[in-house]
Structure formats: structure tokens, C-alpha cells
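A short reminder: the numbers here are calculations on the coordinates, not readings from a lab. All values reported here derive from a predicted model rather than from experimental measurement. Here the Cβ positions follow ideal geometry from the backbone for every residue, glycine too, while neighbour counts run over all protein chains shown.
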Amino acid sequence: MSESALSRVNLFDSRADHASVAVESPLAYSWQRSGAPAPSAASRVVLREQTFLGHLILRGGAIVLDEALREVLDIGLPGRPNTLSWDVSGERSIQWLSPDEWLLIVPGGEAFAVERRLRERLADASFAIVDVSGGQTLLTLEGEAVPELLMKSVVYDVDPSHFPVGKGVNTVFAKATVIVRRSGETRWELVVRRSFADYCYRWLLDAGEEYAIGVER
Amino acid sequence: MFQIYCPYCEELREEEEFHPKGQAHIVRPANPEACSDEEWGDYLFFRDNPRGIHHELWVHAVGCRKFFNVTRHTVSYAILETYKIGEQPSVTAEPAVSESTTSTDDVRQGVRA
Ligand SMILES: [Zn+2]
């Protein structure tokens, strides 16, 4: 690893002041403004925001990125379009976004260290890593009515027979765009842009009303 | 429901996720300095407007955000194939009358209607 390769990029820990600076999730405004209906026994969909995770965009050749990721996080890069995979703990995921672009999501506070280790491992290969943690947030939707809720919201076919666990697509959600992922039999995830988070949240509350949607905080 | 096959996502996706970007396979002159004004103007501003087969550039704007090519029939609007950037089209001529329902007669009627 040459020092020169690392010194070409401005790598800094965007969460370094986490202890002294109050952080707000993209939904902070929505909690105040729109509230959060508590889940009940009748809830067929339960929404939860997975706040302050590390989101990294990896770009480059699949082979070099795959080798680096296996070494650093022990996850293989998904090579098939519109798929994602998790590490053994299930806490870290890597998703195909485009033939040369993947989204890596790691637990909060890990992004800086992971980015640094990937950069060291990738060295002079042709690649790009961008920390987009502040720009988007992950929502989980759990319950048997989630596909019905999504059918009203996205243009993609989310019928469970067409959308197996481990699939993830970037698509149109209402008048915005989101990434839709299925992480379990009745568990789905939405990656929502910060600027659209309030809109998507209120859309979900409205569309989920008939399934008695509840929000866990 | 109108779906387009994205050669990068390798599946049919809703038309809402795509944008057309004009004529495909426009080659930039190798030596712009040596071009006449007419040649350069042709390259920059003038596009084909055929009746029939047309090769176009599209982008999967909301999906993988990759550009790709579409061969489209400008009369029937039928998409005949989609293929990746850097590849050549396999459909370059009107299908023969006996082979397809898009016969010359149908095409003419489509125009009249
Ligand atoms: Zn695509």
C-alpha cells in the first residue's frame, strides 16, 4: 500500500463529533410533525427507521471490489443484477445497484474504519468509495401486508413470488425514488433519500392506514 | 403497463423508470479541427427522422442509471430490441412482409390512422 494512494483522497470521520453534537435522523422532523402511531395487535405492517447506519457507495470493477470486500468484511460481492447479500451476522449488507456500483450498509460508526480498510486494500486499483450515510436512511417494514402496501406505492412488481428474499431494486415510489429490498419472508427494507424521507414516511402512514400500520421507535 | 427490457438489469422494467435520449451511434469526428462547418454542424445538430427502424439511446434513469440502445419502429412504436452501449444492433431493416404482421400495408394504415 503506497501512502500516495491514500493521500490523494480527503478521508475523514464524519461522525467524529458524535458525542458532542446532537444528530438528527432524516425522520426527526416527521416524528414531530406527523407523529408515530403505536403498533397494535391489529397492525399488519410495522415500520421502523434504522437510524445512523453507515452507507457507502462502492464503484469499480467487480473482481477487485469482491476480493477487497471478502478480505475486509467477509462478504462476497453480489454479481447478479438486483440482488443483495448479508454477512453472517446479518448486520452488514452489500447490494448491486448497477454493473459497476454497489451499496454497502454497515452498523453505525463503522463506515469510516471500513472505508479506510477498503481503500488500503484497494490501493491503486481504479475505484471510488463515497460515504453517503448522511444522505439516506433505511426503513424496515415488517408484516404480512407489506407486499400489499408496496403494491400501492411502487411501479415494480413486488409480488413475493417475483420478489424473493435477497432481491433489491431501485425504483419509483409514489413521486419519489427508493431502493426496495426484501430481507426476510415478511421483512422488507426501503432505502430513502434524506430529502424525500418525510414525504415517503407520510405516504407510508397514509397508504398503511388500512393495515393499521404501526411505527416502532 | 408498458415495459422495457434493460440489458444491464436483465429484466423488464416499467417505462416510467426510463428516459429517451435521442439518436444512437452518433460518432464524434476523429479530428474536429479538420471538419468543415457543415460536417461539424451535422454532427452537433442534425438527426435522422426516419419512418421505420430507428436506433435510439435510452437511459434507465431510476434503475441502474446506465445508458443503452433501443431499436424502435417509429410507426408502430414497437421496441424490436435493446442492447448495451458498444454493441451493434441486430435489427437493421424492416422485417419482410411474409415474416411479420408489421407489413408495409399495416405501416401505411398506421400512418393514415
Ligand atoms: Zn437497468
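Per-structure values
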{"quantity": "Virtual spin-label span in nm between A:His162 and A:Glu216, 7 Å along Cα→Cβ", "calculated": "2.9 nm"}
{"quantity": "GNM result for chain A, Cα springs below 10 Å: residue of A:Arg15, A:Arg121, A:Arg80 fluctuating most strongly", "calculated": "A:Arg80"}
{"quantity": "Residues of the stretch A:192-215 with amide N under 20 Å of a point placed 7 Å along Cα→Cβ from A:Gln32", "calculated": "A:194-203"}
{"quantity": "B:Glu33 paired with A:Arg194, simple spin-label distance in nm, labels 7 Å along Cα-to-beta-carbon", "calculated": "4.6 nm"}
{"quantity": "Tilt relative to chain A, helix A:111-122 - C-alpha long axis, 0 to 90 degrees, to 10", "calculated": "40 degrees"}
{"quantity": "Between 0 and 90°, nearest 10: helix A:62-73 axis offset from chain A longest Cα axis", "calculated": "80 degrees"}
{"quantity": "Lys pairs under 18 Å by Cα in the protein assembly as shown, provided they are eight or more residues apart or on distinct chains", "calculated": "4"}
{"quantity": "Stokes-Einstein D for chain A, Kirkwood Rh over Cα pairs, 25 °C, 0.890 mPa s (µm²/s)", "calculated": "135 µm²/s"}
{"quantity": "No Cys partner within the rule (Cβ under 4.7 Å), the protein assembly as shown", "calculated": "A:Cys200, B:Cys35, B:Cys64"}
{"quantity": "Selection of chymotrypsin sites (Phe, Trp or Tyr not before Pro), the stretch B:1-80, meeting DSSP coil and at most 12 other Cβ within 10 Å", "calculated": "B:Phe2, B:Phe46, B:Tyr77"}
{"quantity": "Inter-site label distance for A:Ser40 and B:Lys84 at 7 Å from Cα along Cβ, in nm", "calculated": "5.3 nm"}
{"quantity": "Residue among A:Ser20, A:Ser153, A:Ser133 with the largest mean-square fluctuation in a Gaussian network model of chain A, springs linking Cα atoms under 10 Å", "calculated": "A:Ser20"}
{"quantity": "With Cα atoms, 0 to 90° folded angle of helix A:197-207 axis to chain A main axis", "calculated": "30 degrees"}
